[in-house]
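The values are calculated or read from the model by the stated rules, or taken from the named source; none is laboratory data. Note that the structure is predicted; figures quoted are calculated from it, not measured. Don't worry about glycine lacking a Cβ; one is built from the backbone with ideal geometry, like all the others, and counts go over all protein chains shown.
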């Protein structure tokens with residue numbers, strides 16, 4: 001998503017905004033954000049698993065690897081297709097890690113923990129978190145664009161598709 005130059009996912013907009021103001025890469029900031037989110041789990045009585053820790057590490061590393069080695073297309077349509085592909089890859093990856101039952105990712109655990117504590121609808125909690133982090137990230141200079149909207153509205157269906165595909169492969 002970052003490499004597409006069409007806008008990043010909300011949490012990556014936050015990491016990008018922070019990275020523009022400190023001397024760390026977007027991936028490194030993503031990892032620090034994950035650690036901060038995991039700290040909040042303590043107050044939400046959430047229990048991390050090995051998948052939680054691997055999610056934090058792998059996502060952070062892959063962001064930096066992608067930025068370093070995947071070129072940005074020169075034209076808008078290929079950039080947009082790259083953003084769509086990014087959303088689909090996140091959906092497929094989510095399908096794998098959710099089915100494994102090795103612990104939710106840091107942000108997913110934050111969302112479900114807040115929902116359990118407040119009893120607010122999960123969609124409202126998710127929207128609140130995403131709007132909050134993208135707003136802060138945008139204020140700090142992170143890139144918001146059509147890719148951000150594609151992610152915000154497309155990640156739910158992409159995860160559903162990922163769960164379907166993974167279910168078909170392993171059942």
Looking only at region 1-32, count how many residues are in a helix (DSSP H, G or I), in contact (Cβ under 8 Å) with a residue 24 or more places away in the chain and out of contact with any helix residue (DSSP H, G or I) (no Cβ under 6 Å at 6 or more places or on another chain). 2
Which of the following residues is within 18 Å of the chain's Cα centre (by Cα), under 26 Å from residue 119 (Cβ atoms) and at pLDDT below 95: 103, 91? 103
Of those in region 62-77 that are over 19 Å from the mean Cα position of the chain (by Cα) and within 16 Å of residue 7 (Cα to Cα), the residue surrounded by the most Cβ atoms within 10 Å (Cβ to Cβ) is 73
Residue match in region 62-77 (condition: over 21 Å from residue 142 (Cβ atoms), out of contact with any strand residue (DSSP E or B) (no Cβ under 6 Å at 6 or more places or on another chain) and in a helix (DSSP H, G or I)): yes
Yes/no for residue 59 being more than 30 Å from residue 168 (Cβ to Cβ), crowded, with 17+ Cβ neighbours inside 10 Å and either within 13 Å of the chain's Cα centre (by Cα) or without any contact (Cβ under 8 Å) to a residue 40 or more places away in the chain (or both): no
Sort out which residues of region 42-51 are out of contact with any helix residue (DSSP H, G or I) (no Cβ under 6 Å at 6 or more places or on another chain), under 11 Å from residue 105 (Cα atoms) and assigned to a helix (DSSP H, G or I), and write them in order of number. 50
Residues of region 109-135 being closer than 19 Å to residue 29 by Cα and out of contact with any helix residue (DSSP H, G or I) (no Cβ under 8 Å at 6 or more places or on another chain), which ones? 132, 135
